[in-house]
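The values are calculated or read from the model by the stated rules, or taken from the named source; none is laboratory data. Being a predicted model, the structure only gives us computed values, none of them experimental. Counting neighbours? That spans all protein chains shown, and the Cβs are built from the backbone with ideal geometry, glycine included. These accessible areas exclude ligands, DNA and RNA; they are computed on the full protein's heavy atoms, side chains included. Shrake-Rupley method; radii C 1.70, N 1.55, O 1.52, S 1.80 Å.
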Amino acid sequence: MNRKLRMGMIGGGKNAFIGAIHRIAANMDGLIELKAGAFSSDPELSKASGEMLFLHPDRTYPDYKTMLEAEANKPADEKLDFIAIVTPNHVHFEPAMLALEKGFHVAIDKPITFTLEEAKQLKAKVEATGLSLLLTHTYTGYPMVKQAKQMVKNGVFGKIRKVYVEYPQGWLSTFSEKDSKGAAWRTDPSRSGKAGCMGDIGTHAANLAEYISGLKIDKLCADLNIVVPGRALDDDGGVLLKFDNGASGVLIASQVAAGEENNLTIRVYGEKGGIEWSQMEPNTLLVKWLDKPTEIYRAGNNYGALQSSFAIHNTRTPGGHPEGYLEAFGNLYRNFALTLLAKLNGETPAPEALDFPGVDDGVRGMAFIENVVKSGQSNEKWTKFEI
């Protein structure tokens, strides 16, 4: 097969932050083209969004059910290959299930669903259909995150003992629900789910901790807070962690850390040394040693002799040319696309292409939310991480 993959989008219409990010990321490597969309629950806004994106009017739909039904009946040389779902949390599950039932692969924003039970059902559907699902945990797409993961996996630092991950933001430091659509749905239990801050960014922190360390959270002890008066869901919290190899950790997430932008930072320590990486300086990885000075790794595709194939595969430019959030997002879509293209051509995807978050990460993310909320409401010190 020698063509671009055809993508349809649900949600992400005009003025929607994350929809534009998905489209930029999908378009970055020339492997994907947007061909259809149901961009809003408002048919007129969906139509206007399709016009803005120069889509054919016949492939801009008033709702996702109409789109999936119509697109499933297209001839093979026109039919969509996958659906990107970029709606609020409560409108993830049904579109994803229907897309899989109609034979489409799925890319979906995190958290994967509204509840853990929905995530389990979605996993069963993915397994039953044999289709692929991309979950956009963006931060796993950075080259230096890939490098850190491979160094830990290869035992460079020995047994992992300690994980610190923090994700402070300040954008919800005031009650902005009436002025911001993003704030309104993220703090609304009927649209966001059981958790606010922990569901929105705590899941990113937990996913990154497990991704780099290669460990799984086994127990946790959570403290959730509502700092801003009148808010319905947590906007701040901290979680003590125990991992399945006995390592301990600390996870901090806050959206009321006034002055902070998007300062996701992780440190992982083993017997011989460890790593430190920050999303605000994403091209730099600090590698720390027990018995020698800290080393500084920098992203760059001209450093092939010094870095893992996974880091190089996800780097587009030589050192000194910064790559950031959009490129990391693009790496997820590229790896997903390369995997789908290999499958369509009857080939085995390369390990580097298969390295993107999927449905299992989605289930664990929803379990993290459930367990953190349960622990935050409990008087017990430790809560077993249950799925």
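Things worth noting here:
- Note on Glu261 and His321: the extension gain reaches 19.4 nm, defined as 0.36 nm multiplied by sequence separation minus the Cα-Cα distance.
- Long-range HN-HN contacts of Leu5 with modeled amide H, under 5 Å: Ile32, Glu33
- Normalising the average separation of contacting C-alpha pairs (under 8 angstrom, six or more residues apart) by the number of residues puts the relative contact order of the range 287-387 at 16 percent.
- For the range 216-345, the convex hull spanned by the alpha carbon atoms encloses 196 Å³ per residue.
- At most 13 other Cβ within 10 Å, DSSP loop - trypsin sites (Lys or Arg not before Pro), the range 213-278: Lys216
- Amide H contacts of Gln169 (H built 1.01 Å from N, in plane; Pro and chain starts excluded): Ser254, Gln255, Val256, Ala257 sit under 5 Å, all sequence-distant by 5 or more or on other chains.
- Viscosity 1.306 mPa s, 10 °C: Kirkwood-radius Stokes-Einstein D of the range 53-152 over Cα pairs, µm²/s: 106 µm²/s
- Where labels lie 7 Å past Cα in the beta-carbon direction, separation of Ser309 and Leu354 in nm: 1.2 nm
- Filter on Lys125/Lys343; Lys288/Lys384; Lys219/Lys288; Lys65/Lys194 - keep pairs with C-alpha separation over 21 Å: Lys288/Lys384; Lys219/Lys288; Lys65/Lys194
- Alpha-carbon Debye profile of the range 299-347, log10 I(q)/I(0) at 0.16, 0.18, 0.21, 0.25 Å⁻¹: -0.52, -0.62, -0.76, -0.91
- Counted residue by residue at 0.36 nm each, then reduced by the alpha carbon distance between them, the extension gain from Asn345 to Leu45 reaches 104.3 nm.
- For the chain, the relative contact order comes to 19 percent (Cα pairs under 8 Å, sequence separation of at least 6).
- The aspartates and glutamates within cross-link reach of Lys153, meaning a Cα-to-Cα straight distance under 17 Å and a gap of 8 or more places when in the same chain, are Glu210, Asp244, Glu271, Glu276, Glu352, Asp355.
- Those aspartates and glutamates that a straight Cα-Cα span of less than 13 Å connects to Lys4, excepting residues fewer than 8 apart in one chain: Asp29, Glu33, Asp77, Glu78, Asp81
- Nearest-0.05 FRET efficiency for Glu33 and Glu101, computed from C-beta distance (R0 35 Å): 0.90
- Thr294-Thr174 FRET efficiency (beta carbon distance; Förster radius 41 Å; 0.05 resolution): 0.60
- Spin-label model, Val227 to Asp63: label points 7 Å out along the Cα-to-beta-carbon direction sit 4.0 nm apart.
- Solvent-accessible area, 1.4 Å probe, carbon plus sulfur percent, for the range 66-124: 49 percent
- Measuring against 21 Å, Cα to Cα, the residue pairs Lys120/Lys162; Lys14/Lys181; Lys120/Lys216 contain Lys120/Lys162 as the ones spanning a longer distance.
- Reduced Cα scattering model of the chain, Debye log10 I(q)/I(0), q = 0.07, 0.09 Å⁻¹: -0.31, -0.52
- Based on C-alpha pairs under 8 angstrom that are at least 6 apart in sequence, the range 248-317 has a relative contact order of 17 percent.
- 14 Å reach of a label modelled at Ser190, 7 Å along Cα-to-Cβ, counting backbone N of the range 56-91: 90-91
- Heavy-atom accessible area for Cys221, with the other protein chains in place and a 1.4 Å probe, reaches approximately 30 Å².
- When only the Cβ of Lys, Arg, Asp and Glu is charged (+1, +1, -1, -1), the dipole of the range 5-131 relative to its Cα centre reaches about 140 debye.
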